[in-house]
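A short reminder: the numbers here are calculations on the coordinates, not readings from a lab. Quantities reported herein were computed from a predicted structural model and do not represent experimental measurements. Note that we place each Cβ from the backbone using ideal geometry, even for glycine, and neighbour counts take in every protein chain shown.
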Amino acid sequence: MMQKMGSLHRPLISPPPSPKQATNHTFLVKSCRLVGFKGSPGQLKTQKSNALKCGFSSSFKFSTSSMAKNFNESDEYSLSSPSVKTDEVILLDFWPSMFGIRVRVALAEKGIEYQLKEEDLRNKSDLLLRMNPVYKKIPVFIHKGKPICESSIIVQYIDEVWKDKSPLLPSDPYQRAQARFWVDYIDKKVFDAGRRTWYTTGEQQEAAKKEFVEIIKQLEEQLGDKPYFGGETLGYVDVCLIPYYCWFYTYETMGKFNVETECPKFIAWAKRCMQKESISKTLPDEKKVFGFCLDLRKKFGLE
Ligand code: GS8
């Protein structure tokens, strides 16, 4: 049975319901609107109790990027900058998603205010289904009412529209193609191998650990002696790769291995990135991600 589970291609944080889970959705974040909370203490209590249902009683924090605002379709916000209206920029997201985190990091790097709408992936909002009818997945970036889907495409879009601050993609076409190549490599390799380090057991898990380290070694080689994949400054590859770092604790603890011993330069790069506020304030707490995954493993009978 374990064998079968590990070989299935299922989305990491929205597994299909098993008969056991079909009646129990409490491990999912249920429509949490916690960012920039402005409600009454009573409302806050309700929100906390929803959060506790998600299984993060000890580690749950009511804070994320200061750039993100609580979303409500009827809400209006006063704007700090006339050129960036918060009602123009909405992100449909789910907090542990490395794909969503990419977009949040890009927005933080550029200093763009936005409204964050946390999705319940078991009960997707009409807005998500309307904005991403093809894949029905987060993240979806809605700019002036128009949706952009797929995290790497969203990050490129953000870079093109807000080009004045913190350019992410190189201006040289060849270098740009190289950056895209590596993000494509990350998309094809890191997510899947990473997932298998914590979501499988036995031989499959052993193979996943080896594969994961090989992938990271390949990336480390590409980094070379540069401070960032983008060179002297944070770039497109960095933004698309760093969200995985808050999952490393889960991969390493559940897989019982250590990436740093094999890839010290890669971990030094990740720590360097974490010194940037746009990243440290955006990535969720690694222990919170771990708690989330532990719950999933239990639900799937892997614990
Ligand atoms: C992947 C998005 C994705 O898998 C991207 O944006 O880069 N290639 C896309 N989103 C997941 C959550 S993160 O694992 C999702 O929305 N799943 C819901 C579902 O599959 O129903």
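Which shape class, rounded, prolate or oblate, goes with segment 211-290 when its Cα gyration tensor gives a ≥ b ≥ c as root eigenvalues, a/c under 1.5 marks rounded, and past that a/b bigger than b/c marks prolate?
In terms of gyration-tensor shape, oblate.
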Checklist line | Amide H partners (placed H, <5 Å) of residue 89, local residues excluded | finding: 115, 144
Margin query: Can you pull out the trypsin sites (Lys or Arg not before Pro) in segment 213-303 whose DSSP state is coil and whose Cβ has at most 14 other Cβ atoms within 10 Å?
Written below: 256
Next item on the list: Find, among the trypsin sites (Lys or Arg not before Pro) in segment 143-194, those assigned to loop by DSSP (not H, G, I, E, B) with at most 11 other beta-carbon atoms within 10 angstrom.
Entry: 144, 165
Next item on the list: Can you list which of the GluC sites (Glu not before Pro) found in segment 175-258 are DSSP loop residues with at most 14 other C-beta atoms within 10 Å?
Entry: 232
Next item on the list: Quick one: of 117/299; 209/265; 137/189; 163/189; 117/288, which pairs are farther than 23 Å apart, Cα to Cα?
Entry: 117/299; 163/189
